[in-house]
Amino acid sequence: MILTKAQYDEIAQCLVSVPPTRQSLRKLKQRFPSQSQATLLSIFSQEYQKHIKRTHAKHHTSEAIESYYQRYLNGVGRNGAAPVLLDLANEVDYAPSLMARIILERFLQEHEETPPSKSVINSMLRDPSQIPDGVLANQVYQCIVNDCCYGPLVDCIKHAIGHEHEVLLRDLLLEKSLSFLDEDQLRAKGYDKTPDFILQVPVDLGRA
């Protein structure tokens with residue numbers, strides 16, 4: 001099914017007031033039942049990432065970070081089981097996984113003797129059980145699993161899809177008996193840039 005520009009614009013406009021959660025994606029599917037889940041997710045991701053890039057800086061000022069952290073502490077102080085961090089992210093219109101990173105970094109700065117490294121932060125986001133605070137670990141987990149556009153879960157899905165497409169492309173090239181070099185072979189030859197495959201002899205795949 002071909003998506004017209006008018007249809008794309010209608011979906012994009014609907015996304016203006018929709019937070020980046022899987023629940024929102026289901027509502028989007030109900031609103032546009034003729035569109036596939038993959039199409040809606042692709043548009044959802046593109047439009048939201050544009051929005052995040054435009055507004056990223058305002059969420060990382062010292063004032064904003066301190067405000068978010070205090071609101072988080074107040075919220076879990078009242079009810080640690082409530083989705084405080086996820087609700088905060090949706091309220092200020094910021095990706096839940098990115099909000100989780102802000103709060104986790106701020107928490108570790110307060111409770112650790114040395115500033116946390118990027119690798120430590122990334123490891124804790126991939127596995128919240130490493131976070132030395134059970135309540136925060138649960139809050140971060142809720143953000144990760146409810147974020148359709150950012151975070152380690154989304155990164156894993158993208159990596160799996162990329163690998164699947166790479167396998168399909170390799171099979172197509174082998175099926176058509178085309179000579180090619182893969183990434184490992186290109187690295188061994190000293191190439192700086194390594195696409196998934198490079199044809200050794202250019203061909204017209206439409207005629208191959």
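The values are calculated or read from the model by the stated rules, or taken from the named source; none is laboratory data. For clarity, every value in this text was computed on a predicted model and none was experimentally measured. Note that we place each Cβ from the backbone using ideal geometry, even for glycine, and neighbour counts take in every protein chain shown. All accessible areas refer to the heavy atoms of the entire protein, side chains included, with ligands and DNA or RNA removed. Shrake-Rupley method; radii C 1.70, N 1.55, O 1.52, S 1.80 Å.
Structure above, values below:
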{"item": "First in the stretch 142-161 and within 15 Å of Pro128 (Cβ to Cβ), second anywhere and open to solvent by 80 Å² or more (accessible area, probe 1.4 Å), Cβ under 6 Å, 6 or more apart", "result": "Pro152/Arg126"}
{"item": "Tally, over the stretch 143-174, of residues that are surrounded by 13 or more Cβ atoms within 10 Å (Cβ to Cβ) and either more than 11 Å from the chain's Cα centre (by Cα) or under 30 Å from Val201 (Cα atoms) (or both)", "result": "6"}
{"item": "Search result, residues across the stretch 62-78 that are closer than 14 Å to Gln139 by Cα and hydroxyl-bearing (Ser, Thr, Tyr)", "result": "Tyr68, Tyr69, Tyr72"}
{"item": "Number of positions in the stretch 124-150 that are out of contact with any His (no Cβ under 9 Å at 6 or more places or on another chain) and part of a loop (DSSP other than H, G, I, E, B)", "result": "7"}
